[in-house]
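Okay, so here's the structure we're looking at.
The values are calculated or read from the model by the stated rules, or taken from the named source; none is laboratory data. As the structure is a computational prediction, the values presented were derived from the model and not from experiment. Cβ placement follows ideal geometry from the backbone for every residue including glycine, while neighbour counts extend to all protein chains displayed. Calculation scope for accessible area: heavy atoms of the full protein, side chains included, ligands and nucleic acids excluded. Shrake-Rupley method; radii C 1.70, N 1.55, O 1.52, S 1.80 Å.
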Amino acid sequence: MTRRLDFQTHPDRYRHWRLRVEPPFAYLLLDVDEAGGWFEGYQLKLNSYDIGVDIELADAVQRLRFEHPDVRAVLLGSARSGTFCAGANIRMLAGASHEHKVNFCKFTNETRNSIEDATRLGGQIYVAALNGTAAGGGYELALAAERILLIDDGKAAVSLPEVPLLAVLPGTGGLTRVVDKRRVRRDIADVFCTLEEGMQGRRAVEARLVDEAIPGSRFEARCQEVMAECARLSMRGEAGGRVVLEPLEKRLSGDAIDYRHVRVTIDRDACTAGVTLLAPDDPSVPVDIAAAVAQGSAFWPLALMRELDDALLELRFNETAIGTLLLRTQGDPSLVLAYDALLNDGSDGGFLAEVRLLVRQVLSRLDLTSRSLFALLEPGSCFAGFLAELAFAADRAYMLEGQFEDMGEVPPATLTLTAGNFGAYPMVNGLSRLAVRFLGEPDSLTAAKGLICQSLLAADAAGAGLVTVAMDDIDWDEELRLALEERTGFSPDALTGMEANLRFAGPETMQSKIFARLSAWQNWIFQRPNAVGDNGALKRYGTGKRPEFGRHRV
């Protein structure tokens, strides 16, 4: 599997989904092209999916939020009678690299989270209409919806058969969502997750695996009734502020990826990538919501976050040997603060709310990226407002005191907090990055709130605990070189585990459980011979031969 992944698409190019919008409803129907696998060597039978199917789904969910503000309920269904979704394609999983399998599971999890965010925070309520069997990842897709309706035709069932069939775990949060979200009793869940055939009809309803089991003669009518109920319950604001998501300006050239507002430079020898976010170059900041909407997808925070999201996915999937990201910003902090104030003035429940949610989701993608993150606060940078979150997401933040020699009139590095840094963009554990940073220091968090809107120089930022270390220009290059060489000398596996453990201090939520517990276990299980060995379950699936399992518990 060597084909480079491209995460940009459009409904006109979808091969696997049909999107129909009839406000206040939208219909997102899975109709997988069997010959449309992203890689070679498998067919996407029975509405099974691979990364290409999920890229289209992620695109559709985002477009519905921005391009269709008048949609209040979304039906997530299948265009194929008798089949909803058979889950992740087994042949694809059996042939994929370990890195791709794990990153694929992470991306599908993030996409399911975006569906839940659209329902909970955006007021577009998703209803899963299962007109046939939903197995494995297919049922996990349904679990992301607010309501699950199952046709009761004596054949359709829901199941999570990964343990008995494949010797792996449901890869998209199924186990956690069953007990944490659906509140299925854990002994019933234990039975359910070991049944290859799953549960049908009334039994699935009684276990709380679905909300309703509906006879075929009433299924479509009942789906429409539920959609109408959800549209009435939606807290989505008045229709308005429609913004079309135009294609990103993106140039790939060897060791660089250039966007309008994001620059990525890759150093393959050092296993690092510099990721620089640029402040707006136009000093005319929109004065109100209407002016922001008028800019469309060129509205700077929206454009910036879309580009950063694409860059993170490019690095995650296409540059797996790059172990450390060097996060930089560049530009006028006052312009960043002006946009930050517009984003967080609290007066808009439409377009600006969707942009805030996108900022939250992209920062979460950064948190969950299995890379070392170093923030470099240098002269001419603009770590202010929501861009300051980059420094707090980093494993380490280095800040320069004063200037480099021969830099001229470039302003020294500053760090500026705003109210948004204290809860507008929570991590998957439900806490702000500053709250996680000062988990054992509540007085430091309180003191940081007293620094809002102050342009902090390096010594003050370090004194407040907002950066790891402040250095002068004499030490900067050498100290950074040593830190990066040290990082490169460590085991990438050990670093991934260490960083994931340290980044998410504090309480657990359903999302943190999914990414921490599931990702860690699935990462390990996908390397075990019981799953991927020559006689393992993934390799022998569909051959008629039973897998051979080593019986040692470890």
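Taking only pairs six or more apart or across chains, which ones have beta-carbon atoms under 7 Å, a first residue in region 463-480 that is on the phi > 0 side of the Ramachandran plot, and a second residue that is surrounded by 13 or more Cβ atoms within 10 Å (Cβ to Cβ)?
Once the first residue is on the phi > 0 side of the Ramachandran plot and sits in region 463-480, its partners that are surrounded by 13 or more Cβ atoms within 10 Å (Cβ to Cβ) give 465/438; 465/444.
Check residue 228 against each of (1) of a type outside the set (Ser, Thr, Tyr); (2) outside any helix (DSSP H, G or I); (3) loosely packed, with under 15 Cβ neighbours inside 10 Å and name the one condition it does not meet.
Just one mismatch for residue 228, condition (2).
Per-residue answers, yes or no, for (1) under 29 Å from the mean Cα position of the chain (by Cα); (2) crowded, with 19+ Cβ neighbours inside 10 Å:
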site	(1), (2)
183	yes, no
187	no, no
193	yes, yes
197	no, no
203	no, no
217	no, no
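Can you tell which of 140, 99 is under 30 Å from residue 534 (Cα atoms), open to solvent by 10 Å² or more (accessible area, probe 1.4 Å) and among the acidic types (Asp, Glu)? Explain how you work it out, then say what you get.
Numbers: 140 fails: open to solvent by 10 Å² or more (accessible area, probe 1.4 Å).
Answer to the check: 99.
From the list 160, 209, 150, which residue is under 28 Å from residue 27 (Cβ atoms), buried (at least 22 other Cβ atoms within 10 Å of the Cβ) and more than 26 Å from the chain's Cα centre (by Cα)? First the steps, then the outcome.
On the way: 160 fails: more than 26 Å from the chain's Cα centre (by Cα); 209 fails: more than 26 Å from the chain's Cα centre (by Cα).
After ruling out the rest, the residue left standing is 150.
Considering only residues of region 10-21 that are in a strand (DSSP E or B) and open to solvent by 50 Å² or more (accessible area, probe 1.4 Å), which is farthest from residue 230 (Cα to Cα)? Quick ask: steps written out before the conclusion?
So the first thing to find is which residues in region 10-21 are in a strand (DSSP E or B), and the list is 17-21.
Subsequent filtering for residues that are open to solvent by 50 Å² or more (accessible area, probe 1.4 Å) retains 18-20.
Values: 18: 21, 19: 19, 20: 18 Å.
By that ranking, first place goes to 18.
Scanning for something open to solvent by less than 30 Å² (accessible area, probe 1.4 Å) and not in a loop (DSSP other than H, G, I, E, B), does region 240-258 turn up at least one residue?
Looking through region 240-258, at least one residue is open to solvent by less than 30 Å² (accessible area, probe 1.4 Å) and not in a loop (DSSP other than H, G, I, E, B).
Among the residues of region 39-62, which ones are within 24 Å of the chain's Cα centre (by Cα) and modelled with pLDDT under 95?
Across region 39-62, the qualifying residue is only 39.
If you check residue 405 against the conditions, is it out of contact with any Phe, Trp or Tyr (no Cβ under 7 Å at 6 or more places or on another chain) and outside any helix (DSSP H, G or I)? Lay out the reasoning, then the answer.
Details: out of contact with any Phe, Trp or Tyr (no Cβ under 7 Å at 6 or more places or on another chain): yes; outside any helix (DSSP H, G or I): yes.
When the stated conditions are applied, residue 405 passes them.
Which one is surrounded by the most Cβ atoms within 10 Å (Cβ to Cβ) among residues in region 348-373 that are at pLDDT 95 or above and of a type in the set (Ser, Thr, Tyr)?
Out of the qualifying residues, it is 372.
Would you mind stating whether residue 484 is buried (at least 16 other Cβ atoms within 10 Å of the Cβ) and within 30 Å of residue 116 (Cβ to Cβ)? Spell out the reasoning first.
Working: buried (at least 16 other Cβ atoms within 10 Å of the Cβ): yes; within 30 Å of residue 116 (Cβ to Cβ): no.
Criteria not met by residue 484.
How many of the residues in region 494-536 are acidic (Asp, Glu) and open to solvent by 40 Å² or more (accessible area, probe 1.4 Å)? Outline the logic, then answer.
Of region 494-536, the ones acidic (Asp, Glu) are 499, 508, 534.
Then drop every residue that is not open to solvent by 40 Å² or more (accessible area, probe 1.4 Å), which leaves 508, 534.
Of the residues in region 494-536, 2 are acidic (Asp, Glu) and open to solvent by 40 Å² or more (accessible area, probe 1.4 Å).
For region 408-463, give me each residue that is touching a Pro at 6+ places or on another chain (Cβ under 8 Å) and open to solvent by 60 Å² or more (accessible area, probe 1.4 Å). It would help to see each step written out before you state the result.
Going residue by residue through region 408-463, those that are touching a Pro at 6+ places or on another chain (Cβ under 8 Å) are 410-414, 416, 429-432, 455, 457-458.
Within region 408-463, 411, 455, 457 qualify.
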